[in-house]
Number of protein chains: 2
Amino acid sequence: MLAVGVDLGATNARAALIDVDAGKVLAETKRPWPSHDVAPSAVASIVGTVVREVDPKNERVGVGIGFAGMLRGWSGVVVIAPNFGWKEIDFRSLVRAEVGERCELYNDLNAIAYGEARYGGARGVRDVVCVYVGTGVGGGLVINGQLYAGATHLGGEIGHTKVIPGGRLCGCGMRGCLEAYTSGRNIQKRAQEELRGGERSLAVELAGGIDHVHAGFLDEAARRGDVYAGRLWEEVSTLLGMALANAVTLCNPSRLVMGGGVWQGAPELARRSIARLFEFVNQPSREGFEVVDTALGDSAGMLGAAALIAGQPAREGEG
Amino acid sequence: MLAVGVDLGATNARAALIDVDAGKVLAETKRPWPSHDVAPSAVASIVGTVVREVDPKNERVGVGIGFAGMLRGWSGVVVIAPNFGWKEIDFRSLVRAEVGERCELYNDLNAIAYGEARYGGARGVRDVVCVYVGTGVGGGLVINGQLYAGATHLGGEIGHTKVIPGGRLCGCGMRGCLEAYTSGRNIQKRAQEELRGGERSLAVELAGGIDHVHAGFLDEAARRGDVYAGRLWEEVSTLLGMALANAVTLCNPSRLVMGGGVWQGAPELARRSIARLFEFVNQPSREGFEVVDTALGDSAGMLGAAALIAGQPAREGEG
């Protein structure tokens, strides 16, 4: 069975024709966005282009789209998509006009979580939590081998669990979210502010200037014993480790799959966060539990979205 | 279809014969424990007695037992049961010798959550989180209308999610657990210590002495403007509200069912905690979400355990 998986990232649209039974990518393509503020209809049109490129003979059973944004259940409506600056857009209708009715939107981390559980780092595992620490922080839940999207498709939003009541301001408008402390964007912004404010760190030299400091340079500095980076990583790893531990304590998965640009580009932070996770987690939940890195990398979302559309009954636009 | 639900509480064993389709209690009985340190074989024997009392004609399809303790998956082994002081006890084998093979142990909060979702405060709702704040703090998850016990039956353990890294010592041996701040036992212990240490509160007068202060009197004092109780409730409601909000943000249920002795006996604390929950929760998750009180009260666990055993395939002792 063949299906097309689409990933709509910050800089481009990617599509792959997937052999769903084998979990194999048969063809792949991508197109950059023409501008920063790309309109919904233009994005839908580009989706049509990349889908036709990877599946010119229309062999697919459907098109699954992993979308970085909050969706309203099965309605196909994007509630908010920070990457595109969209609010309340009936994006699925636009895409269906391009690629046909058998097309569904999934939260990007839901698609990734399902991809990893079906084909990747948690293959064959029934109960999986997947968390990506990148530009933002998100997650997805696989329960009894099925994606659990949540009652309104907002399940797995670990980035917006609160770690410090009334704490740092998050991009979502609330305070104290995990993402406000641990996302690449927020780590970078905070470190640059503190370094401009007089803090000193080896990360500035490594980066070639404060403006270029990001999580990767801070990680290198922390590894080399830099005091500022070490203190920052102590705080960030404690909060990330606590939030991961709490998700494991609450959901009792047998595997946690970790990925994302910050997680993969800051191995010292990842190492410390895992140590904290095992320190904070409900101790009996450690039995039979393990943490692994993403095995599918950038293809996880396309693989997961294709598998989801292939396995899913056709649905109408219920709320 | 008839099944027997059993609840093994701190002071007694209760059993009910349940009409599973109607969710109706047809007969009910209870027996107190003979002593504080009651042995597993004595508890199993009492379970046999109460089961035969409510179902003398052996009309049941099975016996479901809600058990306040941590279980090891479907093995029937109790990992730890603080109420009885047990560790690593193959309790299911003892009970099966008394009541027959069709008998299963469930975590008490799992049984309660399923009972509320099937018959009570979340009847007909697919995705439910249930949290009890009583002597301890526990929870259960119902996903797609089915109990989600977790990979090793430790799902829903919200009481052992961490709210303050390195914070107050919990009965589980770890620090900073929600339960260490918000369970009846810990609230009472802490308040009595602080009042003996020189804090003053109206709760002492209401209770007739420091030794009698508990969450109910502190709640009454807070309602009347008492400074100590108000400050304590501010802290407890902030941490409880945050933990509940995080569970809702992560699991995206459409209903949260709340119960337990402290929750029901301290309405001012409950009111403040709900306000905090709505303040801290991922805002889009509020759509279509509501908080309700337990509708089945003390019978929730027996109803849920009976429904679970009636709906479940017979299982062998896999891990």
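No value in this document is a laboratory result; all are computed from the given coordinates. If you're wondering where the values come from, they're calculated on a predicted model, not measured in any experiment. Here the Cβ is made from the backbone with ideal geometry for all residues, glycine too, and neighbour counts use every protein chain on show.
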Query raised in the report: So how far, in whole Å, is the C-alpha centre of segment A:264-302 from the one of segment B:243-277?
Result: 29
Query raised in the report: About the Cα centre of segment B:121-295, what is the dipole size in debye to 20, counting +1 per Lys and Arg Cβ and -1 per Asp and Glu Cβ, all else neutral?
Result: 220
**Report entry** Calculated label separations, residue B:90, copies of the chain, 7 Å along the beta-carbon direction, nm
**Finding:** 6.2
**Report entry** Share, in percent, of DSSP beta bridges within segment B:1-138 that are antiparallel, nearest 5
**Finding:** 70
**Report entry** Sequence-separation-based contact order of segment A:1-147, relative, with Cα cut under 8 Å and 6+ spacing, percent
**Finding:** 19
Requested in this report: Take every DSSP beta bridge whose two residues both sit in chain B, then give the antiparallel share in percent to the nearest 5.
Outcome: 60
**Report entry** Once the Cα gyration tensor of the protein assembly as shown is diagonalised, semi-axes √(5λ) in Å
**Finding:** 43, 32, 21
**Report entry** Between helix A:184-196 and chain A: long-axis angle, C-alpha atoms, 0 to 90°, nearest 10
**Finding:** 30
**Report entry** Principal-axis tilt of helix B:108-119 within chain B, Cα atoms, nearest 10 degrees
**Finding:** 80
Query raised in the report: Remind me, relative contact order of segment B:121-295 in percent, using alpha carbon pairs under 8 angstrom and six or more residues apart?
Result: 25
Report task. Putting +1 on Lys and Arg Cβ atoms and -1 on Asp and Glu Cβ atoms, find which of B:213, A:282, B:241 reaches farthest to the positive end of the dipole of the protein assembly as shown. Result -> B:213
Query raised in the report: Can you list, shortest first in nanometers, how far residue B:42 lies from the same residue in the other copies, with each label 7 Å from Cα toward Cβ?
Result: 7.8
Requested in this report: Would you mind telling me which residue in A:12, A:252, A:107 has the biggest mean-square fluctuation in a Gaussian network model of chain A, where springs connect alpha carbons within a distance under 10 angstrom?
Outcome: A:12
Query - Axis proximity, chain A to B: residue whose C-beta lies nearest, plus whole-Å distance - result: A:143, 3
Query raised in the report: In nm, to one decimal, how far is the residue B:123 label point from the residue A:312 one, both placed 7 Å along Cα→Cβ?
Result: 3.2
Report task. Please list the non-local residues whose amide H lies under 5 Å from the amide H of residue A:13, H modeled 1.01 Å from N, same-chain partners needing a gap of 5 or more. Result -> A:31, A:33
Query - Length-normalised contact order of segment A:222-312 in % [C-alpha pairs under 8 Å, at least 6 apart] - result: 34
Query raised in the report: Modelled label-to-label distance, residue B:52 and residue B:26, 7 Å Cα→beta-carbon offset: nm?
Result: 2.0
Query raised in the report: Given springs between every Cα pair under 10 Å in a Gaussian network model of chain B, which of B:209, B:139, B:297 has the largest fluctuation?
Result: B:209
**Report entry** For A:159-168, mean number of other protein chain Cβ atoms within 10 Å
**Finding:** 6
Query - Loop-located trypsin sites (Lys or Arg not before Pro) in segment B:26-68, at most 15 other Cβ atoms within 10 Å (DSSP) - result: B:57
Report summary line: Largest fluctuation, A:167, A:197, A:301 only, Gaussian network model of chain A with Cα springs under 10 angstrom, belongs to A:197
Query - Rounded to 5, the percent of DSSP beta bridges in the protein assembly as shown classed as antiparallel - result: 60
Query raised in the report: For segment A:122-295, what number results from the quotient of the Cα radius of gyration and 2.2 N^0.38 Å?
Result: 1.04
**Report entry** Lys pairs under 29 Å by Cα in the protein assembly as shown, provided they are eight or more residues apart or on distinct chains
**Finding:** 15
Report task. Could you run the Karplus curve 6.51 cos²θ - 1.76 cosθ + 1.60 with θ = phi - 60° over segment B:57-64 and give me ³J(HN,Hα) per residue in whole Hz, x for Gly and Pro? Result -> 8, 6, 8, 6, 8, x, 10, x
Report task. Round to a whole angstrom and tell me the spacing of the C-alpha centers of segment B:58-86 and segment B:101-169. Result -> 14
**Report entry** Estimated [θ] at 222 nm from DSSP helical runs (n ≥ 4, -39500 (n - 2.57)) normalised by residues in chain A, nearest 500
**Finding:** -12000 deg cm²/dmol
**Report entry** Under 5 Å, built H, 5+ apart or other chain: amide partners of residue A:155
**Finding:** A:150
Report task. For residue A:295, go 7 angstrom from Cα along the Cα-to-Cβ vector, then report the distances to that same point in the other copies in nm, smallest first. Result -> 4.4
Report summary line: For peptide A:246-258, the mean count of other chain Cβ atoms within 10 Å per residue Cβ is 6
